[in-house]
Amino acid sequence: MKELLQDMRTRRFWLKFLTKTFALLGTVTAVVKGVVAWLPERADWFGGGTVFVIALICCALIGLALTWPRPIECEYASPQTKIRIVKGDLFEQNGDIVVGITNSFDTEIPQIIEQKSLLGQTIARLYRNDWKRLDADLETALSAKPVIDTIEKPGKQNIYELGTVATVSNGPRRIFFSAYSEMSGSNNASTKIEVVTKSLYMLWDEVGSRGNGQPVAIVPWGGGLSRISSVLPAQDSIRLIILTFMFASRRQKVSDELTMVVPEPFFKNLDRLELQAFLSSLRGSQ
C-alpha cells in the first residue's frame, strides 16, 4: 500500500491520469455532439449539469483504472521474451541467477568477501558457508578461461579478463558468476561504467549459450563490490541491464524471461511508473 500511495504521488501518475480522463471526456463530448446533430429532438437528453458531472465522474474512474499501477513487466514479440522488475530475494526466484564477483574470483569469507554481500549470501545460502566447495566449482568452470595476469595479495592471485563468466550448476539451476569488477592488492574491488557494459554483453553471450533459454534473474549492479552506486544508481543500472539484454537478444536467443530483482530498500526509491514506461517504450523499437 505504501508503494501504491508513493506511485500516486508522482507527477507521471497524475499527468497520465488527467490525459486519459480528458481524452475520454473529449470522446464522450464528441459522441454527444454527433447524436445531437443527427437527432436534435433528443438534445434535452443531454441537458443540465447533472449529466456532465456524471460523465466526468465516469471518465475519471475509467482513467484511474487505466492509470492504476500494475506489476512492472512487459512481453515482447521480437525478441520473444519477457522482462519483469520485482521486489524480493534473488535466491527465491525460479530459474538461473547472476552473481557478481571480482576478476580474481575470490570467495573466502569473511576474511576477503563480506558475508552480507550478494556473493557472501550465495555462499551462505547455496553452499552452506562452504566457500571451498564453491572454489572447486569455480576452478572447474574457469579451466578453459585464460589467466591474463597475477597479483600479489592475500587470497587468490590469478587474474582473469574483466567480464569473464564462470557458469556453475547448483541443483536445478545455473549460477552465472560475472567478473565485472577488479580486485586491488589490498582486496578492494572497483569497476567502471564501460567495464560494467562490456561485462553485461559477455554475460548475455554466456547465458544464451549455456542457459538453454531458461528464465534468468539478476540484481541491479553498481552497489556492493563495484562501488559505483553514486555514478550508476539503481534506476539507471536497471535500464542499462535491460537495454543490453534486449540488444543481445536481437543477435541470439538469451532467455525466455529476465527478472530484475530489486531489494526492498532500493525498490521503494524507484520511479516505478517511469520503469514501466521504459519497458513499454522498448516495444516501439522492435
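The values are calculated or read from the model by the stated rules, or taken from the named source; none is laboratory data. Worth saying up front: this structure is predicted, and the values here are computed from it rather than measured. No Cβ is skipped: glycine too gets one built from the backbone with ideal geometry, and neighbour counts run over all protein chains shown.
Overview of results
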{"quantity": "Cβ-Cβ under 7 Å pairs, at least 6 apart or on other chains, segment 105-128 side within 18 Å of K156 (Cα to Cα) and free of Cβ contacts under 8 Å to residues at least 60 places away in the same chain, far side outside any loop (DSSP other than H, G, I, E, B) and among the aromatic types (F, W, Y)", "calculated": "T107/W131; E108/W131; I109/W131; I123/W131"}
{"quantity": "Residue in segment 20-31 that is at pLDDT 75 or above, out of contact with any Lys or Arg (no Cβ under 9 Å at 6 or more places or on another chain), under 23 Å from P263 (Cβ atoms) and among the small types (G, A, S) present", "calculated": "no"}
{"quantity": "Condition broken by G213, with the remaining ones in (1) in contact with a Ser or Thr (Cβ under 8 Å, 6 or more places away or on another chain); (2) on the phi < 0 side of the Ramachandran plot satisfied", "calculated": "(2)"}
{"quantity": "Matching residues in segment 170-181 - criterion: being at pLDDT 95 or above and either under 19 Å from D130 (Cβ atoms) or not assigned by TED's automatic domain parsing to the domain that holds Q214 (or both)", "calculated": "R174, I175, F177"}
{"quantity": "Any hit, segment 106-118, residues being modelled with pLDDT under 95 and not in a loop (DSSP other than H, G, I, E, B)", "calculated": "yes"}
{"quantity": "Selection from segment 128-163 of residues that are touching a strand residue (DSSP E or B) at 6+ places or on another chain (Cβ under 9 Å) and under 12 Å from I109 (Cα atoms)", "calculated": "L134, G155"}
{"quantity": "Residues of segment 80-100 classified as crowded, with 18+ Cβ neighbours inside 10 Å and closer than 18 Å to R251 by Cα, total", "calculated": "2"}
{"quantity": "Any chance M260 is modelled with pLDDT of 95 or more, more than 15 Å from L90 (Cα to Cα) and not aromatic (F, W, Y)", "calculated": "no"}
{"quantity": "Extreme residue, modelled with the highest pLDDT, among residues of segment 182-239 that are among the charged types (D, E, K, R) and within 22 Å of P263 (Cα to Cα)", "calculated": "R239"}
{"quantity": "Failed item in (1) closer than 23 Å to F245 by Cβ; (2) modelled with pLDDT of 75 or more, with R70 passing the rest", "calculated": "(2)"}
{"quantity": "Given (1) assigned to a helix (DSSP H, G or I); (2) crowded, with 18+ Cβ neighbours inside 10 Å, index of the condition C74 fails", "calculated": "(1)"}
{"quantity": "Helices (runs of 4 or more DSSP H) lying entirely in segment 161-280 (those with 3 or more residues that are in contact (Cβ under 8 Å) with a residue 12 or more places away in the chain and under 23 Å from I113 (Cβ atoms))", "calculated": "193-210, 234-251"}
{"quantity": "Residue count for segment 88-114, restricted to those that are over 24 Å from P172 (Cα atoms) and of a type outside the set (D, E)", "calculated": "8"}
{"quantity": "Residue list for segment 101-116, filter: surrounded by fewer than 24 Cβ atoms within 10 Å (Cβ to Cβ) and small (G, A, S)", "calculated": "none"}
{"quantity": "Count of segment 119-145 residues which are part of a loop (DSSP other than H, G, I, E, B) and not acidic (D, E)", "calculated": "7"}
